[in-house]
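The values are calculated or read from the model by the stated rules, or taken from the named source; none is laboratory data. Values in this document were obtained by computation on a predicted structure and should not be read as measured data. Please note: Cβ atoms are built from the backbone with ideal geometry, for glycine as well, and neighbour counts cover all protein chains shown. The area values use the complete protein model at the heavy-atom level, side chains included, leaving out ligands, DNA and RNA. Shrake-Rupley method; radii C 1.70, N 1.55, O 1.52, S 1.80 Å.
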Amino acid sequence: MRRSDIQGLYELLAENKWNMEKSYLECIFNTDPTGLVVVVKDDGEIIGHNGILSHSETIASSGMNIVKEGYRELGIGQKLFRRVMDVMAERNVGGTALSNRISFYHQFGWKIQSFTLHYSMGKVNKSFISEVPSGDFEVVALKDVNFKDVVAYDTELHTVPRPVYLTQWALHSSANGYVALKSGRVVGYGVLRPADVGHKMFPLFADDPILAKALFCHLASHIPEGEDLIFVHPIENELSNQFVAANELTSYLSMTRLYNKWNIQVDINRVYSTSSTEYAIV
């Protein structure tokens, strides 16, 4: 994939009603384009994509497996998968699969199940965010914190440092980010960015539900009146399920995290919303 392919991929995703804003595609490409692959017709139209984003010498994440309608059932998707898996060689590769299509990925060695995510969306409950918790902590703008401390906290949750990816996502001009601090130590953070439809709270990580709600309230305050929140939460975290219920969000998709070599342990009780449905560890 070349930088000039971003627009064509964005158009393919939009045509298939993927809510994947162009700025996120730029975020992934700027992080590492090495494992991104497209299928291009002779006239230049992009009709397929798959990719793997390298996080380290041993770990990578897959994302956005898509083939244009009219070109499916031709084996293009399988060839894309095998191509990107070859690029990543011996890395442990994870991906997020629709929970009802897990068996499709077994042929590529993705048989190790991790956690399950629900893609939820809807209006934020005003009464829920009007009661902002307080305590022995403070919530400050992400831009006012040493970003290395945020990366270190993020790494605690899943063991893999990803400074380039987080820089591209969390420090983007469209992002609103907040960090929870206790005695100067990071104990949670979250980012809100506009999508083509709605606003993605990707991620929301916190050490406990009080911190998580405080961050949620600060982030949600940036959602314009009448627009939707997008929240992708692990159902294994019961407290994140309560956030969804309290805001009466509607869950549209169930997705399962899969790996081909070993499961990456995630401190799931600190994960309220993931950093992405594509190309992310959590």
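Below, the figures for the structure above:
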quantity: Label-point gap, in nm, between Glu57 and Lys148 - each point 7 angstrom along Cα→Cβ; calculated: 2.2 nm
quantity: GluC sites (Glu not before Pro) within the range 123-226: DSSP coil, no more than 14 neighbouring Cβ in 10 Å; calculated: Glu131, Glu225
quantity: Rg/Rh (Cα only; Kirkwood hydrodynamic radius) as it applies to the chain; calculated: 0.96
quantity: Excluding exposed DSSP-loop trypsin sites (Lys or Arg not before Pro) (at most 12 other C-beta within 10 Å), longest clean stretch of the chain; calculated: 42-282
quantity: Per DSSP, loop chymotrypsin sites (Phe, Trp or Tyr not before Pro) in the range 1-92 with at most 13 further Cβ within 10 Å; calculated: Tyr71
quantity: Lysines with Cα under 22 Å of Lys79, excluding same-chain neighbours fewer than 8 positions away; calculated: Lys41, Lys68, Lys111, Lys261
quantity: Sequence-distant lysines (8 or more away, or on other chains) whose Cα lies within less than 26 Å of Lys123; calculated: Lys17, Lys22, Lys200, Lys213
quantity: Using a Förster distance of 35 Å, the FRET efficiency for Lys111-Glu248 (Cβ separation, nearest 0.05); calculated: 0.45
quantity: Backbone N within the range 215-233 under 11 Å of label point (7 Å from Val132 Cα along the Cβ vector); calculated: 215-222
quantity: Percent RCO, i.e. relative contact order, over the chain, from Cα pairs under 8 Å lying at least 6 residues apart; calculated: 24 percent
quantity: Cα coordinate range in the range 118-273, projected on the principal axes (Å, largest first); calculated: 38, 37, 29
quantity: Projected-area mean, the range 194-234, by convex hull of Cα positions, square nanometres; calculated: 3.1 nm²
quantity: Relative contact order (%) - criterion: Cα under 8 Å, at least six apart; region: the range 4-114; calculated: 20 percent
quantity: The range 41-144, dipole about Cα centre (Lys/Arg Cβ +1, Asp/Glu Cβ -1), debye to the nearest 20; calculated: 420 debye
quantity: Ellipsoid semi-axes in whole angstrom, largest first, where each is sqrt(5λ) of the Cα gyration tensor of the range 1-144; calculated: 32, 20, 18
quantity: At most 12 other Cβ within 10 Å, DSSP loop - GluC sites (Glu not before Pro), the range 1-53; calculated: Glu45
quantity: Accessible surface, the chain, averaged per residue in Å² (probe 1.4 Å); calculated: 43 Å²
quantity: Between the range 165-213 and the range 1-58, the alpha-carbon center distance in angstrom; calculated: 24 Å
